[in-house]
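Here the structure is laid out as structure tokens; the discussion comes afterwards.
The values are calculated or read from the model by the stated rules, or taken from the named source; none is laboratory data. Here the structure is a predicted model, which is why all the values come from computation and not from measurement. A quick note on method: Cβ atoms are made from the backbone with ideal geometry, for glycine too, and the neighbour counts reach across all protein chains shown.
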Amino acid sequence: MVKENCGVVGIFSVDGINVIPMVIDSLRALQHRGQEAWGIAVPKKLPLKRLGLVSSSASELKEISEEYASPSAIGHVRYSTIGKSNLENAQPLKVKDLCIAHNGTISNVQELANMVGGCSFTPQNASDTLVAAQRLVSLMSENGNLGKALSILKNEMIGSYCFTFLSDDNSVYAARDPRGFRPMVLGYKEENNTHIVASESSALIAIGARLIRDVKPGELIKFSRNGIETEMFSEEKTHAHCSFEYTYFAHPTSRMEGTNIYMARKRIGQFLAKKFPIKDADLVIPVPDSARPAALGYAQELGVQFDEGLLKDRYSKKGPLRSFIEPHQSDRIEINRWIIPISEIIEGKHVVVVDDSLVRGTSSKAIIKALRRAGAKKISMLITYPPIKYPCYAGIDFPSKEELATYVDGKDLSEKEIVDKVRSEIGADFLGYNDSENLARAVGIPHDSLCFTCYTGNYETLGIKPAFKTRIEMKGE
């Protein structure tokens, strides 16, 4: 079973130009959302899928652009939260004459599978995207169009989803779930009369397109020769935008719900300085790369020196990648090996290390050891995200409780006990987590419009009471 927090794109040129080069460039701009596989789909062909980064297929891209030339296409970069990393699980998928790419997680996929004929559902043999697509195609055949089908499916399907669809009549569609868990934006490139939807506005920047607006939660958009058509398949008033997007997942150039990610992260650092004003700090350094704006904001707020005390070796095989979204622990360790301290900056200093999140503790432990070896006198670690204590069922890869740094079997610890436990395990002299209210204020979005389920354990926004499972049960590893 594949459940994803990935990147999706859909492009349609009213002027009829070949959009495949733009799809490829958009996927490269969304690569931070998925490093395991990528794919594109055009009408009346089976989707093309490749393992690894888009850039790994650089020698093929010109040929692919010519062979799959089309004025309409969708694309996908994959980051698996459930399921094995293989080409079979890559997207887009095709069911009859509908191609589909999905960013999110369908929580009640077994129930949906029963509606499409049932199957023996295990992490190894099925995809939540495929089951959703099969059910959607069945509903379309019964109800005549995609909007009506989605209005029924949203009552049957529990979870987070941003979909892009492609039909064999050349139309491109996009739909965002009624709660708005995952991001999606609408763009336009005037130069060649081209309409775009993508997970983030960084994809629009990459192809010279203009951001029009966020796709509304519960909205269905259609691109065709007639231009843009929109309709609401759901009018849910309560939203639950993923708070983790603002600290880690999204690209710093992107805008989400009217907020620039870089500026939001910088404000988070400023707010963190008010919560934890470490007066005797000599130096503030970020864990590269997504924590850099927050570390800068923290340093500026306190008037403490900011410097790059840790650098990634971008010439190693794994060095440039993001460790958190690697599917295997061995790969995460390999990436963190190539975060290298600069002794001349660190030696003899009380160093405040700012990181975006602390999930498993793998990165933090390795970084603190490296800083000790580099001669740091004292190490305080500040985390821009609250303690992650519960699995995510809305598309982020912490699917089991026992892999989390905060986990203690059979005990209900207080927040202070959790902080003390994690601080001891990673080897820091001081550890400070942000809180959800502080984070919401810094981002500038009401607390009740953000999802903090992984912190609170309240799954009401998803409408589920999960039965917590092990990583082996969830990912088939």
Completion exercise
Counting only residues in segment 380-411 that are more than 18 Å from ARG292 (Cβ to Cβ) and in contact with a strand residue (DSSP E or B) (Cβ under 7 Å, 6 or more places away or on another chain), the one modelled with the lowest pLDDT is identified as PRO399
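Conditions (1) of a type outside the set (D, E, K, R); (2) closer than 20 Å to GLY39 by Cα, marked per residue:
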site: TYR161; (1), (2): yes, yes
site: ASP177; (1), (2): no, no
site: SER199; (1), (2): yes, yes
site: ILE221; (1), (2): yes, no
site: GLU235; (1), (2): no, no
Fill in the blank from the handout: Requiring at least 3 residues that are in the same structural domain as THR384 (by TED's automatic domain parsing) and modelled with pLDDT under 95, the helices (runs of 4 or more DSSP H) wholly within segment 266-371 are 329-337
Handout entry: Filtered residue count, segment 204-230, keeping only those that are out of contact with any Asp or Glu (no Cβ under 8 Å at 6 or more places or on another chain) and more than 25 Å from LEU150 (Cα to Cα)
Key = 4
Exercise for the section: For segment 218-227, state whether one or more residues are in a loop (DSSP other than H, G, I, E, B) and free of Cβ contacts under 8 Å to residues at least 60 places away in the same chain. Expected result: yes
Completion exercise
Taking segment 52-85 and keeping residues aromatic (Phe, Trp, Tyr) and modelled with pLDDT of 95 or more leaves TYR68
Exercise for the section: Name the single residue, out of those in segment 412-445 being assigned to a loop (DSSP other than H, G, I, E, B) and farther than 28 Å from PRO252 by Cα, that is modelled with the lowest pLDDT. Expected result: ASP412
Handout entry: Lone qualifier among MET256, MET232 - being outside the structural domain of GLU403 (by TED's automatic domain parsing), modelled with pLDDT of 95 or more, within 30 Å of ARG213 (Cβ to Cβ) and surrounded by fewer than 23 Cβ atoms within 10 Å (Cβ to Cβ)
Key = MET232
